[in-house]
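Each remark here refers to the structure printed beneath this line.
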Amino acid sequence: MTQALTISATALLLLRLSRGFGAAGWVAAIIPLLWLVSPVVVRANLWDFHPDALIAALLVATALAAISQRPAIALLLAALGCSFKEDAGLTFAALGLALAWNRHRRLGFVLAAGAGAWALVLNGVLLPAVWPATREHYTSRFVGDRADGFGSVVRVWIEHPLATVTDALTPTTIGILALLLAMTGGLCLRAKRWLVVALPSVALNLLSAYEGQHTLRYQYWLVPAAAVAIAGAAGAAALSPARARIATRVGLASACGLAILSAVALGRVVADIHQEWPARAHRQAIVDAVPHDASVSAPLRYLSHLASRRDVYTFPDPFAGVAPGFEATPEEVARRRAGVEYVIFDPLATRNPEALEEVRADGFRAVFRAGTATVYRGPRPPGE
């Protein structure tokens with residue numbers, strides 16, 4: 001509900017932004033309409049809640065406050081937006097550059113410097129201090145084992161430009177970029193200076209080796225979509241009355257096409273629900289078999305139903321020897337492993353079925369089965 005309301009509010013902010021840039025009449029409604037019907041937005045909204053929706057809304061709100069000559073509010077909104085995710089500061093820094101490039105120099109440079117510095121300090125100092133494996137985690141996400149540290153990631157990109165480009169620009173990602181363009185009816189191309197806002201988030205998605213960032217199934221393209229929409233709102237204001245009428249027709253045509261794609265995506269989600277629906281009683285029985293005061297490791301699809309348990313881990317954490325290394329020291333992994341009382345194993349919901357052998361080696365025994373899932377209880381009495 002929060003995500004749906006936030007996405008709807010973003011459409012209203014885009015309408016205000018279009019009018020703030022100078023667009024009038026129906027042409028001002030093109031960008032918010034395309035935002036609401038785009039599969040980039042609709043598909044992410046059908047997934048679970050992520051802060052990207054809030055970042056997208058705050059990005060548009062910051063741009064609106066800036067062009068409305070409210071610098072203090074713009075900086076406050078930007079500071080809030082930068083706090084939601086480790087890479088959000090890069091996008092707000094890019095917004096600052098776009099503002100400085102479009103007659104808002106003082107505010108733009110302050111925003112670019114502040115957000116950029118925050119992103120550097122957060123990713124280079126604070127996160128590695130709190131989470132020592134930060135560099136290993138993010139370098140492996142972008143270039144595998146070919147680098148160690150943020151600086152060496154850039155070196156790999158420079159030394160292997162062709163591989164970097166071909167890995168980034170696949171048919172799927174090119175299609176997503178085309179959808180971002182269609183989300184503005186091409187109006188973003190009339191305000192190219194504002195497209196700089198989208199560069200950091202688009203580049204991070206394209207350069208990442210994580211397949212989730214190369215699909216619309218998840219939330220990763222919401223922020224790029226909002227950034228491109230800002231450019232589209234500026235482009236709408238640059239139209240002459242004659243071209244505004246043409247743009248309105250093009251926008252309506254784009255809206256029809258995007259709505260069809262969104263309907264297809266919605267149909268797939270409904271089909272997935274229909275397929276999973278008969279197994280809901282089995283999943284509920286599995287969840288009910290875990291006491292409310294227990295510590296449990298379970299597949300991702302069970303976690304929201306187990307949130308009230310004392311400690312909840314995503315299986316195979318903390319049993320697999322590789323995955324937990326990204327999140328904790330060996331000592332912390334051992335402590336977590338010693339404290340787990342129950343394990344839910346579902347071969348259809350995990351990519352690490354071999355971790356079950358480690359669970360059994362720790363003395364866990366099957367105590368309940370339903371459907372494809374099994375509940376294992378450890379040798380320690382619950383609560384110890």
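The values are calculated or read from the model by the stated rules, or taken from the named source; none is laboratory data. A quick note: this is a predicted structure, and the numbers were derived from the prediction, not measured. FYI the Cβ positions are ideal-geometry reconstructions off the backbone, even for glycines, and counts take in every protein chain you see.
Selection over segment 50-97 of residues that are of a type in the set (S, T, N, Q) and farther than 17 Å from Val196 by Cβ gives a count of 3.
Conditions (1) exposed (fewer than 12 other Cβ atoms within 10 Å of the Cβ); (2) under 30 Å from the mean Cα position of the chain (by Cα); (3) within 17 Å of Asp288 (Cα to Cα); (4) not aliphatic (A, V, I, L, M), marked per residue:
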{"residue": "Arg337", "(1), (2), (3), (4)": "no, yes, no, yes"}
{"residue": "Pro353", "(1), (2), (3), (4)": "no, yes, no, yes"}
{"residue": "Asp362", "(1), (2), (3), (4)": "no, no, no, yes"}
{"residue": "Gly371", "(1), (2), (3), (4)": "no, no, yes, yes"}
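Only residues that are within 14 Å of Ala11 (Cβ to Cβ) and modelled with pLDDT of 95 or more were counted across segment 36-88, and they come to 6.
Within segment 276-302, residues that are of a type in the set (Phe, Trp, Tyr) sit with their Cβ atoms under 6 Å from residues that are surrounded by 15 or more Cβ atoms within 10 Å (Cβ to Cβ), at 6+ positions apart or across chains, in these pairs: Tyr302/Ile344.
If you go through segment 184-203 and keep only what is more than 22 Å from His214 (Cβ to Cβ) and assigned to a helix (DSSP H, G or I), you end up with Leu187, Leu189, Arg190, Lys192, Arg193, Trp194, Val196. In the set (1) modelled with pLDDT of 75 or more; (2) surrounded by 14 or more Cβ atoms within 10 Å (Cβ to Cβ), Phe150 fails one condition alone, (1). Entry remark, segment 37-53: residues being outside any loop (DSSP other than H, G, I, E, B) and over 15 Å from Leu180 (Cβ atoms) number 2 in total.
Would you tally the residues in segment 1-26 being within 19 Å of Arg243 (Cβ to Cβ) and either surrounded by fewer than 21 Cβ atoms within 10 Å (Cβ to Cβ) or modelled with pLDDT of 90 or more (or both)? Give the steps one after another, and end with the answer.
Filtering segment 1-26 down to residues within 19 Å of Arg243 (Cβ to Cβ) leaves 18-19, 21-26.
Filter once more, keeping what is either surrounded by fewer than 21 Cβ atoms within 10 Å (Cβ to Cβ) or modelled with pLDDT of 90 or more (or both): 18-19, 21-22, 24-26.
Summing the residues that are within 19 Å of Arg243 (Cβ to Cβ) and either surrounded by fewer than 21 Cβ atoms within 10 Å (Cβ to Cβ) or modelled with pLDDT of 90 or more (or both) in segment 1-26 gives 7.
One residue stands out in segment 191-232 among those that are among the basic types (Lys, Arg) and more than 13 Å from the chain's Cα centre (by Cα): the one that is surrounded by the fewest Cβ atoms within 10 Å (Cβ to Cβ), namely Lys192.
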